[in-house]
């Protein structure tokens, strides 16, 4: 049998008769009621504090939000992606497939690097929007944008190919919603005694650029632009 | 116009009124609760979302009508109407206004002034429980039957305090007719207070109100449908318009209970301190008395909503405890004292 | 007296191996004496709280070692002895002392041909579900457990998914529910 | 191997006569948070036995962990306790850091602390709100959830996601506290307190609420320890145990806070412990923020870790105090870039196994109240 501590219910008189506390509660809800009724007659889309009237009235999305992917171009309109496949390797959901190739003759100036991605597919249905692809990208080509309305009727439409990813970028640029450039994060110098030393070649990758996330500074920059 | 024609008009009017109240109440419930909870509530259908109940009605009507395979078919179909009809019928004895004089003919604003209006109300509210129990039983689902059982026990237990509270009113006014009671509540007593049942019987009013909440299955007494425990209780298995009838019947019921409360404890159509019939014409007086009644009823309807979104719900045994251990003794004491006072003063 | 000495004192001969890594002390005890050891640790050592029970499949460690050994052997053109395979499974009991806030990992080995351990639900009731989970995931039976059913997988499931030879994406098992659709 | 164990199934049709009703609550039921299932036997409304069945949300997180690298597993931890994903992230990061033998820079530790306490507030708000909803009081839930939205906004501006945070990385955090936090926190602190006050006003002294919670599935402290309870559930039983105090990690030893403790372990005490803990969390954030201000803007946020993390062979267990209790990660490494074995010790797993003991002899309504007050999160229960 289960042992249960004996609980003595000690109620004050006000608690005992129900009505006092219920009346207090009624007063509280009434206060909210009056406040919100007044608020709902105010002009403007977002008057009642909690609710965003979604399609018309949108929340401000953080510039570092992890939404739909896009493939960035540089200022000259060149594709930044070199098709290295780091993102595909970093992806925990295995939703990225990249094919690397060399640009065709005469098209070299369309690409920023010497190589390019022939095809680039992201299965949005598998994606968990963790942002690891973005962090692993050495050229800052693949970023997660601010678009969060990704629903579609056809599963095939949810596999984003290269064209769609670049189109995402163009749209974001026209709306002024580009991701701020990554800010290097201050990294503490390793102590002299390093236990994790493994092989020499792995140490190379661990410089400050590993991060892509915009910090405090970039966030304020973004706001200034908008 | 013949009497039966007048009666028919009155019946149609009161039905439309009851329906309208139920329809508007579904909207008020949603919007008011939203406002109390810092939300917005439905505001897309029509201005301020006023057409939302209509949209809900269309949705419920056009939904597929499902009867579970192992349900008792006839009883399953019978349940919702059995619940909704008594709620409508109670309106028959509610005096929703004083009288209106049209073409020299004096029309009483009440469908029928039966001299046992009281018993009629009690009897009909007792019938409503059949709708829940039958619905719960016929669904052949454990949640439904638990809801039905809870409904039976709750409604039967709370009829007693309700009856006791009503009895004090009967003792006070010496009549079973609701119209008579309302008429006797006009004027003032002790010089200051309106001659209302509420001021003469505050304890009786509280007992009646609590019992009314229990009869209407509202939070804090919504155990029969208790969303988080019994899914939705007795109407778990219902869908489409059958469910709609249950939901609708609940709001009609609220309207009835609010109307009864107003008639018994708040002077019905009368305004305190002011005799409207003195400075209003015969037709406008009839309309004004109805409006006064409606405003009072609306307040109690709002109170139902207001309380629902403020308090948590009881547990089954606590509910029974409250009914049997607190309300019934209180009601008996109240009845005894009232009887004594009435005996002494008469 | 520090933790190591205390544990040594309490267990005596039952202590097979003691290893420390990053401040976490792990001891190995014979599986036959498990209940006695744990009871003694609880009574005398003050380890009165069972945090968790963890099952581990060691087969891949050995496979890796064997591969490495083979590579070495190929390089040296010599036979490299990598030793006999260790018992396939091990179960780790995570104990915690509430008074001193010390944690202790108690390890027992479970060979593949005798997948049985004594249940410790009589010492800590907390061992109930963790033991069921270890049974579910590794197939190690706990003798004396009050209700040794599968915990996370369904009852008709045949394999033990956390064993290293179970594929990551499963074998295509489906759960068929025999609903009575009369 | 193929021995069939007793299977529980829903029987229809004639069965043996019994005085008791078998009521199958869940996995699809409005009060079963996520996908839980309890098979109860009731005598009228009184519960004779209640057998929880779990595994409906089992996704094989531990198996996944063995096949993903250390970095890749971080987003998976979001999906354990999705009400306070940051605590899972930090717990995992700290476990791997322990395995690597490093420690995050002090500024990063403070940021982690602040974010974790915010997550704890959010988690407790959801728990208390849901407890109210399950007991029929819907309104406090909305007052609380509004504040949670504000907290989520801070999360979003810090690391780009609201619910599945994936905050930081192994070795530290990747972003400084966002501007949003600096702007919002003083206001948010007051509004959180206000929402808590309102909840308190609506519930705590209400007789209906007191009747529903005081003395309902009360539990003894030593029983609770025997069952492996941790966190608010254990503290409600009167045992003062909080890993933040007992085994201080990050910088919890540098801040001053109380550990609220209940008495009887009933639903009311659990509710009160959670309410008071929110206040303590606010205090911790304030102090941590003061400490944080001492650091220069370019103080290091990350330890230098290799891009491919290959810890040495060995096994560690590291636990933190998550909102529900002790959340531990056991990681065994074989020296490769993937963990050899990851075992997660979810706090509500241990509590939920005692569910039958908790609710036996109580009523169906109490079962619902108990379940909400435990705050079982199916994601971390089933993994």
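Select from the stretch D:191-218 the residues that are facing another protein chain (nearest Cβ under 7 Å) and not in a helix (DSSP H, G or I) and list them in ascending order. Passing the criteria: D:205, D:206, D:214, D:215, D:218.
Residue check: residue C:156 meets all listed conditions (1) free of Cβ contacts under 8 Å to residues at least 24 places away in the same chain; (2) buried (at least 18 other Cβ atoms within 10 Å of the Cβ) but one, namely (2). Set side by side, the residues D:371, D:381 differ, and just one is buried (at least 24 other Cβ atoms within 10 Å of the Cβ), assigned to a helix (DSSP H, G or I) and either away from chain C (no Cβ under 13 Å) or over 17 Å from the mean Cα position of the chain (by Cα) (or both), which is D:371. Scoring residue D:255 on the criteria (1) at negative phi; (2) touching a strand residue (DSSP E or B) at 6+ places or on another chain (Cβ under 8 Å) leaves a single failure, condition (2). Of everything listed in (1) within 11 Å of another protein chain (Cβ to nearest Cβ); (2) modelled with pLDDT of 85 or more; (3) more than 22 Å from residue D:315 (Cα to Cα); (4) not in a helix (DSSP H, G or I), the single unmet condition for residue D:38 is (1). The lone criterion from (1) more than 14 Å from chain A (Cβ to nearest Cβ); (2) in contact with a helix residue (DSSP H, G or I) (Cβ under 9 Å, 6 or more places away or on another chain) left unmet by residue D:43 is number (2). Only residues that are part of a loop (DSSP other than H, G, I, E, B) and either more than 23 Å from residue D:342 (Cα to Cα) or more than 11 Å from every other protein chain (Cβ to nearest Cβ) (or both) were counted in the stretch C:112-147, giving 14. The numbered conditions (1) in a helix (DSSP H, G or I); (2) in contact (Cβ under 8 Å) with a residue 12 or more places away in the chain; (3) under 23 Å from residue A:23 (Cα atoms) are all true for residue B:244 except (3). For the stretch A:118-162, the set of residues classified as in a strand (DSSP E or B) and either over 10 Å from residue A:69 (Cα atoms) or away from every other protein chain (no Cβ under 14 Å) (or both) consists of A:118, A:119, A:120, A:121, A:122, A:123, A:142, A:159, A:160, listed by residue number. Checked across the stretch D:66-80, the condition of being away from chain A (no Cβ under 14 Å), at pLDDT 85 or above and either under 28 Å from residue B:318 (Cα atoms) or surrounded by 16 or more Cβ atoms within 10 Å (Cβ to Cβ) (or both) holds for no residue.
When B:96, B:61 are checked against the criterion of being away from chain D (no Cβ under 14 Å) and in a helix (DSSP H, G or I), a single residue qualifies: B:61.
Just so you know, in the stretch B:55-84 the residues that are surrounded by 13 or more Cβ atoms within 10 Å (Cβ to Cβ) and without any contact (Cβ under 8 Å) to a residue 12 or more places away in the chain include one that is nearest to residue B:23 (Cα to Cα), and it is B:55. For residue C:103, the test of being facing another protein chain (nearest Cβ under 8 Å) and either on the phi > 0 side of the Ramachandran plot or touching a strand residue (DSSP E or B) at 6+ places or on another chain (Cβ under 9 Å) (or both) is passed. For the stretch D:287-306, filtered to residues that are more than 11 Å from chain A (Cβ to nearest Cβ) and not in a loop (DSSP other than H, G, I, E, B), the residue that is surrounded by the fewest Cβ atoms within 10 Å (Cβ to Cβ) is D:293. Run down D:320, D:309, D:284 and say which single residue is away from chain A (no Cβ under 14 Å) and within 30 Å of residue C:60 (Cβ to Cβ). Exactly one residue qualifies, and that residue is D:320. Restricting the stretch D:344-368 to residues that are outside any helix (DSSP H, G or I) and touching a helix residue (DSSP H, G or I) at 6+ places or on another chain (Cβ under 6 Å), the residue that is farthest from residue D:100 (Cα to Cα) is D:353. Going through (1) part of a loop (DSSP other than H, G, I, E, B); (2) touching a helix residue (DSSP H, G or I) at 6+ places or on another chain (Cβ under 9 Å); (3) touching a residue at least 40 places away in the same chain (Cβ under 8 Å) one by one, residue B:43 falls short only on (3).
The selection criterion, being closer than 30 Å to residue A:135 by Cα, more than 8 Å from every other protein chain (Cβ to nearest Cβ) and within 21 Å of the chain's Cα centre (by Cα), holds for residue D:331. Number of residues in the stretch A:101-123 that are over 19 Å from residue A:159 (Cβ atoms) and touching a residue at least 12 places away in the same chain (Cβ under 8 Å) equals 11.
When you check residue C:153 against the structure, is it facing chain D (nearest Cβ under 10 Å) and under 17 Å from the mean Cα position of the chain (by Cα), yes or no? Judged against the criteria, residue C:153 is not a match.
A count restricted to the stretch D:290-307 and to residues that are closer than 19 Å to residue D:185 by Cβ and over 27 Å from the mean Cα position of the chain (by Cα) stands at 4. Hey, any hits in the stretch C:77-98 for a residue that's in contact (Cβ under 8 Å) with a residue 60 or more places away in the chain, more than 15 Å from the chain's Cα centre (by Cα) and outside any helix (DSSP H, G or I)? Within the stretch C:77-98 (the criterion being in contact (Cβ under 8 Å) with a residue 60 or more places away in the chain, more than 15 Å from the chain's Cα centre (by Cα) and outside any helix (DSSP H, G or I)), the answer is no, since none of the residues qualifies.
The values are calculated or read from the model by the stated rules, or taken from the named source; none is laboratory data. Here the structure is a predicted model, which means the values were calculated and not measured. Quick reminder, even Gly has a Cβ in these numbers, built from the backbone with ideal geometry, and neighbours come from all protein chains shown.
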